[in-house]
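> Following this message is one structure expressed as structure tokens.
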Amino acid sequence: SQTIHQWPATLVQPVGSPLSLECTVEGTSNPNLYWYRQAAGRGLQLLFYSVGIGQISSEVPQNLSASRPQDRQFILSSKKLLLSDSGFYLCAWKLSGSLGSPLHFGNGTRLTVT
Amino acid sequence: QQQVKQSPQSLIVQKGGIPIINCAYENTAFDYFPWYQQFPGKGPALLIAIRPDVSEKKEGRFTISFNKSAKQFSLHIMDSQPGDSATYFCAASYSGGYQKVTFGTGTKLQVIP
């Protein structure tokens, strides 16, 4: 069966510090990978998605970036965090090329920028 | 045209009641409509999903009703329980392209004993 791992679960970082959040998927090959952000009490904002190694598409211009160094690894980064980067970050995967397949989410990282 | 509009924003029902959450979309290219359930501190999890060639789908106490002509779909929770208290998101996607999933803004449901 497929599983998705996301870490860390919580993170407190000062403004201006770098960020690296990691997500890995097991049990499937060539998944579509996604990073979402959820502000407190709000909906899901798509940040980045990837359909293959090294292929990253950005939905929202900002000081965040994403990379996919391996087929089932997705990394969210920032060189300098802003207060507005605080939120709940969710990684998700989806079968590629599959009609009507759902997203499968990790348990998220709660990021607080102080 | 990519939006999915969800209502209400919050909902409180008594145990045993039938909360109904509504969603509407514009893009007729959407061909997959899932609902996700999210508990505090956790990622959303797929609850139930429907395709536009079906008008209703039931899984346990959860039912999706789909009205293709009106471009609306809704979630009904029969015999709601306190354990159903969570945030519910409707979503829509289409098979083409990178299969972007568009989410509604969420409904926070509270079922009181």
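The values are calculated or read from the model by the stated rules, or taken from the named source; none is laboratory data. Owing to the predicted nature of the structure, the values given are computational and were not obtained by experimental measurement. Counting neighbours? That spans all protein chains shown, and the Cβs are built from the backbone with ideal geometry, glycine included.
> Name the pairs: first residue in the range B:59-75 and closer than 14 Å to B:Ala92 by Cβ, second residue part of a loop (DSSP other than H, G, I, E, B) and not aliphatic (A, V, I, L, M), Cβ to Cβ under 7 Å, at least 6 apart or on different chains?
Final answer for the pair search is B:Phe66/B:Pro52; B:Phe66/B:Ser55; B:Lys68/B:Pro52; B:Lys71/B:Glu26.
> Separate question: For B:Pro52, only one of the following conditions fails: (1) free of Cβ contacts under 8 Å to residues at least 40 places away in the same chain; (2) within 26 Å of A:Gly106 (Cβ to Cβ); (3) within 15 Å of the chain's Cα centre (by Cα); (4) within 14 Å of another protein chain (Cβ to nearest Cβ). What is its number?
Tallying (1) free of Cβ contacts under 8 Å to residues at least 40 places away in the same chain; (2) within 26 Å of A:Gly106 (Cβ to Cβ); (3) within 15 Å of the chain's Cα centre (by Cα); (4) within 14 Å of another protein chain (Cβ to nearest Cβ), B:Pro52 fails exactly one: (2).
> Still on this structure: Take the residues in the range B:1-38 that are more than 15 Å from the chain's Cα centre (by Cα) and not in a loop (DSSP other than H, G, I, E, B); name whichever of them is nearest to the other protein chains (Cβ to nearest Cβ).
B:Ile12
> Does the range A:29-52 hold any residues that are within 16 Å of A:Gly97 (Cβ to Cβ) and surrounded by 15 or more Cβ atoms within 10 Å (Cβ to Cβ), and which are they?
Residues satisfying the conditions are A:Pro31, A:Asn32, A:Leu33, A:Tyr34, A:Tyr49, A:Ser50, A:Val51.
> Is it the case that the range B:61-68 has a residue that's within 15 Å of the chain's Cα centre (by Cα) and β-branched (Val, Ile, Thr)?
Yes - at least one qualifying residue is present in the range B:61-68.
> What's the number of the only condition in (1) more than 20 Å from A:Trp35 (Cα to Cα); (2) over 13 Å from the mean Cα position of the chain (by Cα); (3) without any contact (Cβ under 8 Å) to a residue 12 or more places away in the chain that B:Gly41 fails to meet?
Only one criterion in (1) more than 20 Å from A:Trp35 (Cα to Cα); (2) over 13 Å from the mean Cα position of the chain (by Cα); (3) without any contact (Cβ under 8 Å) to a residue 12 or more places away in the chain is unmet by B:Gly41, namely (1).
> Looking at (1) among the β-branched types (Val, Ile, Thr); (2) surrounded by fewer than 18 Cβ atoms within 10 Å (Cβ to Cβ); (3) modelled with pLDDT under 95, can you tell me which one B:Val13 breaks?
Going through (1) among the β-branched types (Val, Ile, Thr); (2) surrounded by fewer than 18 Cβ atoms within 10 Å (Cβ to Cβ); (3) modelled with pLDDT under 95 one by one, B:Val13 breaks only (3).
> Scan the range B:17-25 and tell me whether some residue there is free of Cβ contacts under 8 Å to residues at least 24 places away in the same chain and surrounded by fewer than 19 Cβ atoms within 10 Å (Cβ to Cβ).
Scanning the range B:17-25, I find no residue that is free of Cβ contacts under 8 Å to residues at least 24 places away in the same chain and surrounded by fewer than 19 Cβ atoms within 10 Å (Cβ to Cβ), so the answer is no.
> Can you tell me which of A:Gly43, A:Gly54 is on the phi > 0 side of the Ramachandran plot and in contact with a strand residue (DSSP E or B) (Cβ under 9 Å, 6 or more places away or on another chain)?
Answer to the selection: A:Gly54.
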